[in-house]
Amino acid sequence: MKKITFILLLSFFFINQVNAQFTVNRIDGTTFTNNETINFTTHSNTASELKFTVQNNATTNLDFRILCSRLVNTNGSNFQLCWGGECISSVSETGIYPGFQNIITAGGNTVGLNDNFKNFSAGDGVNYPMDFTFRIFTRDLAGNTVGTNFNLTYRYQGPLSIEQKDKLSAMGVKVLNTSVNNFVGLEISKPVAYSILNLQGQTITSGQLTENTNLNFASYSTGLYFINFKSEEGLVDAVKIYKK
């Protein structure tokens, strides 16, 4: 009886260890949360690149794979996935990558291997957002799926509309990025007033801009914000910002 109890306890411990076997991290070391959606309003440049690393927390070597589980408003073409030592230029729904064993040793990670997602497609100009949802899962070295899954969605919300770009241009404002870790870059050619608001409509900060600058979002919580602009001629517009 004691032997059976010991085996059951050992099995329970092993299962728990496998279920907590890995984390998925941003390039700065912070951890993504399961089912997180990362928003982008730009494509085909460094600002549209989502870099990540994977940490194997298990006490055994594991085979790590990525399943493209869902595509919305896209067929997966012109979407780069660098993972497991290879870069592919398109993904397909239900596709599993790489097509060979991708072993991360016990306690090891993929830091420095440049794993990333990157969208090169502008979409059709109408149907947005474009969602690329991925599931990271593990297999033992015999090919059996083990542990829990981790899901992450790369979302291309679409670019600023032509009308909005034209209006901002008339105000003397060019927004360089709308999905940020720390700073929103602004090119300013005319004096303009600005204010940053949260989703509750509360003003966080405001002021006047007369030259190119970076607005610091580093201390803000993850989520959506708005930058309101008002020119000396009375033109007004707002830009949605996603703080990672």
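The values are calculated or read from the model by the stated rules, or taken from the named source; none is laboratory data. Bear in mind that the values here come from a model prediction, so they are computed numbers and not experimental data. With ideal geometry, Cβ positions are generated from the backbone for all residues, glycine too; neighbour counts draw on all protein chains shown.
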Worksheet entry | Residue under evaluation residue 188, criteria (1) surrounded by 13 or more Cβ atoms within 10 Å (Cβ to Cβ); (2) under 21 Å from residue 36 (Cβ atoms), criterion not met | (2)
Worksheet item: Taking only pairs six or more apart or across chains, which ones have beta-carbon atoms under 8 Å, a first residue in the range 231-244 that is farther than 16 Å from residue 188 by Cβ, and a second residue that is part of a loop (DSSP other than H, G, I, E, B) and not polar (S, T, N, Q)?
Response: 241/217; 243/217; 243/220
Discussion item. Taking the criterion of being at pLDDT below 90 and out of contact with any helix residue (DSSP H, G or I) (no Cβ under 8 Å at 6 or more places or on another chain), would at least one residue in the range 48-64 satisfy it?
Written reply: yes
Item to complete: Please enumerate the residues belonging to the range 85-116 that are touching a strand residue (DSSP E or B) at 6+ places or on another chain (Cβ under 7 Å), part of a loop (DSSP other than H, G, I, E, B) and not hydroxyl-bearing (Ser, Thr, Tyr).
Response: 91, 93, 95, 98, 101, 102, 106, 107, 108, 111, 114, 115
Response to the item:
Across the range 191-244, the tally of residues that are under 23 Å from the mean Cα position of the chain (by Cα) and of a type outside the set (A, V, I, L, M, F, W, C) stands at 13
Worksheet item: Name the pairs whose Cβ atoms lie under 9 Å apart, with the first residue in the range 93-112 and within 24 Å of residue 78 (Cα to Cα), the second in a loop (DSSP other than H, G, I, E, B) and of a type in the set (S, T, N, Q), and 6 or more positions between them or separate chains?
Response: 93/75
Practice prompt. Can you give me the ranges of the strands (runs of 3 or more DSSP E) entirely in the range 129-244 with at least 2 residues that are over 30 Å from residue 68 (Cα atoms) and hydrophobic (A, V, I, L, M, F, W, C)?
Written response: 173-175, 183-188, 192-198, 203-209, 223-231, 236-243
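Determine, yes or no, whether residue 64 is in a strand (DSSP E or B), at negative phi and either surrounded by fewer than 17 Cβ atoms within 10 Å (Cβ to Cβ) or over 17 Å from the mean Cα position of the chain (by Cα) (or both). Don't jump to the end; show me each part of the working.
On the way: in a strand (DSSP E or B): yes; at negative phi: yes; either surrounded by fewer than 17 Cβ atoms within 10 Å (Cβ to Cβ) or over 17 Å from the mean Cα position of the chain (by Cα) (or both): yes.
Yes.
Rundown of residues vs (1) surrounded by fewer than 18 Cβ atoms within 10 Å (Cβ to Cβ); (2) of a type in the set (A, V, I, L, M); (3) touching a Phe, Trp or Tyr at 6+ places or on another chain (Cβ under 8 Å); (4) assigned by TED's automatic domain parsing to the domain that holds residue 232, yes/no style:
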position	(1), (2), (3), (4)
92	yes, no, no, no
101	yes, no, no, no
111	yes, yes, no, no
137	no, no, yes, no
151	no, no, yes, no
193	yes, yes, yes, yes
201	yes, no, no, yes
